[in-house]
């Protein structure tokens with residue numbers, strides 16, 4: 001499963017050292033080949049190492065053959081996502097790098113995006129340490145793997161002085177960390193109960209502490225339940241948008257996307273280019289997608305930001321009834337005046 005996960009996302013390999021470390025120090029394997037102090041080299045550790053290493057080497061050889069490279073996925077990423085000269089993630093000082101474990105604790109953004117992630121991350125990490133010292137064998141496996149994956153996510157760098165991280169601390173990069181942390185939190189409720197009752201003599205304080213643990217779990221759940229239907233992630237909004245786009249294409253109504261940001265030297269921002277491509281590839285019929293030239297779209301001045309036409313045929317000057325798409329999977333039909341002078345934009 002780890003090799004398959006690595007095929008989808010390279011950072012899934014961050015979990016491998018934790019599993020190997022657990023098998024080396026904590027696992028109670030019946031077949032131990034030899035011991036070196038507290039380290040136990042078992043058949044399970046050897047098999048795990050061979051499978052992960054074999055999967056990594058096999059994929060590298062296949063990519064080298066297909067794309068004429070020498071270092072497999074790393075070389076491909078080096079020319080796309082791992083550019084050391086990329087200023088999107090600026091270099092950091094040594095002091096900043098030493099406190100890299102705080103990077104995922106980002107307090108920016110809207111509360112319904114930020115608070116559930118912070119709550120789950122904090123309770124997951126605290127539960128990780130509790131399960132690491134007090135948990136059973138299965139809980140220790142997840143705790144050790146979570147600890148190593150989290151530290152690699154935070155501290156792995158491409159270069160030093162200044163320190164450059166291979167990725168930003170986006171919440172989506174920590175989804176596996178959040179899920180495993182939540183599993184440790186829920187399965188460790190008995191550990192929490194024993195820990196609290198063994199160290200606090202006042203039973204009222206014990207009940208209050210357990211109530212706090214319950215609230216910590218309920219708050220993210222309530223926030224997500226209330227706000228998810230209002231944000232773009234709700235499947236009802238996605239299905240509604242898909243139907244509106246299908247109706248517009250069936251009737252020949254032009255489909256226009258309202259830009260979220262101003263043009264940058266005549267080019268779309270990264271967010272707008274991704275969103276425009278998403279609408280075309282995700283919502284348009286499959287047979288229409290090959291005929292769409294996603295590299296250049298017609299730009300229509302409209303207020304501060306303007307719009308781009310997602311349908312393949314450009315619009316001449318005049319007034320049209322269009323389906324205006326906006327961020328958050330919102331859309332509405334409206335009349336739009338197209339001026340005589342429009343432009344073309346190359347997507348970044």
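The numbers here are math on the coordinates, done by the rules we state, and not lab data. Small disclaimer: the values here were computed from a predicted structure and weren't measured. Quick reminder, even Gly has a Cβ in these numbers, built from the backbone with ideal geometry, and neighbours come from all protein chains shown.
So, R0 is 56 Å and r is the distance between the beta-carbons of residue 247 and residue 36; what FRET efficiency does that work out to, to 0.05? Don't skip to the end; give the middle numbers.
Details: r = 68 Å, r/R0 = 1.22.
So the FRET efficiency works out to roughly 0.25.
Sort 205-214, 272-281 by the packing proxy (mean of other Cβ within 10 Å over each peptide's residues), most packed first.
Ranking, from highest mean packing down: 272-281, 205-214.
Give the order of 311, 49 when sorted by the count of other beta carbons within 10 angstrom, beginning with the fewest.
In increasing order of surrounding Cβ atoms, one gets 49, 311.
Set the Förster distance to 41 Å, then compute FRET efficiency between residue 218 and residue 68 from the Cβ-Cβ distance, nearest 0.05.
Numbers: r = 54 Å, r/R0 = 1.32.
Computed FRET efficiency for residue 218 and residue 68 comes out at 0.15.
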